[in-house]
Amino acid sequence: MKNKIIKNKKLFKLIILVLISIILGILYIAIISKSNRLMIKENLELYFSSLNKLDYTKAIINSLTANLLYSIGIWLLGISIIGVPIIILLLLFKSFILGFTISSIIYFYKFKGIIIALIYIIPLIINLFLIFFLSYYSLMFSFNLNRLLFLKKNINFRNIMRRYIKILVFVIICTIVSSVIEVYVVPNILKFLQI
C-alpha cells in the first residue's frame, strides 16, 4: 500500500511537471524576439507549402529515426541510475515543444490555426504520451535498480527487467504507428483541407 502511494505521488509530480512545461511552451511565443518569430513563421510556411511535394520515404525514415532514438535513449537511461535527471529533462523538452508548437500555429494562423494545430499535434500528443509512459517506467526502473544495488533491498529483478523490455517493445510499436500518422495521415488531411 505504501509503495502504491509513493508511486502515485511520483506519477502526480511528473504530470504536474509536464503540464508546467507545456504551459511554458505555450507562453514562450510571447517572449521571443520578432526576428525569431519571423523565422518560426517562415518554417511553418515552408512546411505547409512542402506538403504537396513531400518525399514520403525520406519523411518516414526521418520520423522513425528521431522518435525511436528518443524512446530507446530514454529506455537506456533508465538502466543507468545517473540517467534520472536526463530522462526528466527529455520529457520536459518534449512537453515544451508540444506547447510551443500549438501556440506558434495559433499565433500565426489565428482561428484557422486552431484547426491546423488540432490536426498537426495528433502525432505529437501520441509521442508525448509514449515518452511520458516510458519516462515514468524508466524512472521507476532506475529507482528499483538503486534500491537493489545500494539499499540492498530484496527485489525480483528478473520480473522487473522483463516488464521493462515489454514496455520498450510496446512503445516501439506505438512509435511506428505514430510516425505513420505523422507522415502519411496528417499531411494528407492538411492538404485535403487546403491549408
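The values are calculated or read from the model by the stated rules, or taken from the named source; none is laboratory data. As the structure is a prediction and not an experimental result, all values here were calculated from the model. Here Cβ is always computed from backbone atoms with ideal geometry, including for glycine, and neighbour counts include all displayed protein chains.
What residue, of LEU68, LEU98, LEU76, is within 18 Å of LEU134 (Cα to Cα), surrounded by 14 or more Cβ atoms within 10 Å (Cβ to Cβ) and touching a Gly at 6+ places or on another chain (Cβ under 9 Å)?
Exactly one of LEU68, LEU98, LEU76 is within 18 Å of LEU134 (Cα to Cα), surrounded by 14 or more Cβ atoms within 10 Å (Cβ to Cβ) and touching a Gly at 6+ places or on another chain (Cβ under 9 Å), namely LEU98.
In the range 158-195, the residue that is nearest to LEU46 (Cα to Cα) out of those that are in contact (Cβ under 8 Å) with a residue 12 or more places away in the chain and aromatic (Phe, Trp, Tyr) is TYR184. Screening the candidates LEU92, LEU134 for the property of being surrounded by 19 or more Cβ atoms within 10 Å (Cβ to Cβ) and closer than 22 Å to ILE165 by Cα yields one hit, LEU134. In the set (1) modelled with pLDDT under 90; (2) touching a Cys at 6+ places or on another chain (Cβ under 9 Å), the condition left unmet by PHE129 is number (1). Listed by first and then second residue, the pairs linking a residue in the range 81-109 that is more than 16 Å from LEU139 (Cα to Cα) to a residue that is of a type in the set (S, T, N, Q), with Cβ atoms under 6 Å apart and 6 or more places separating them unless they lie on different chains, are SER95/SER21; PHE96/SER21.
Checking each residue in the range 160-187 for being modelled with pLDDT of 90 or more and either of a type outside the set (A, V, I, L, M, F, W, C) or over 30 Å from ILE60 (Cβ atoms) (or both) picks out MET161, ARG162, ARG163, TYR164, LYS166, THR175, SER178, SER179, GLU182, TYR184, PRO187. For TYR47, the criteria (1) surrounded by 13 or more Cβ atoms within 10 Å (Cβ to Cβ); (2) modelled with pLDDT of 95 or more hold in every case but one, which is (2).
Evaluated against (1) over 20 Å from the mean Cα position of the chain (by Cα); (2) closer than 21 Å to VAL177 by Cβ; (3) modelled with pLDDT of 90 or more, LEU91 falls short on exactly one condition, (1). Among the residues of the range 138-159, those identified as surrounded by fewer than 16 Cβ atoms within 10 Å (Cβ to Cβ), in a helix (DSSP H, G or I) and of a type in the set (A, V, I, L, M) are LEU148, LEU149. Candidates ILE87, ILE119, ILE97, ILE126: the one that is out of contact with any Leu (no Cβ under 9 Å at 6 or more places or on another chain) and within 29 Å of ILE31 (Cβ to Cβ) is ILE126.
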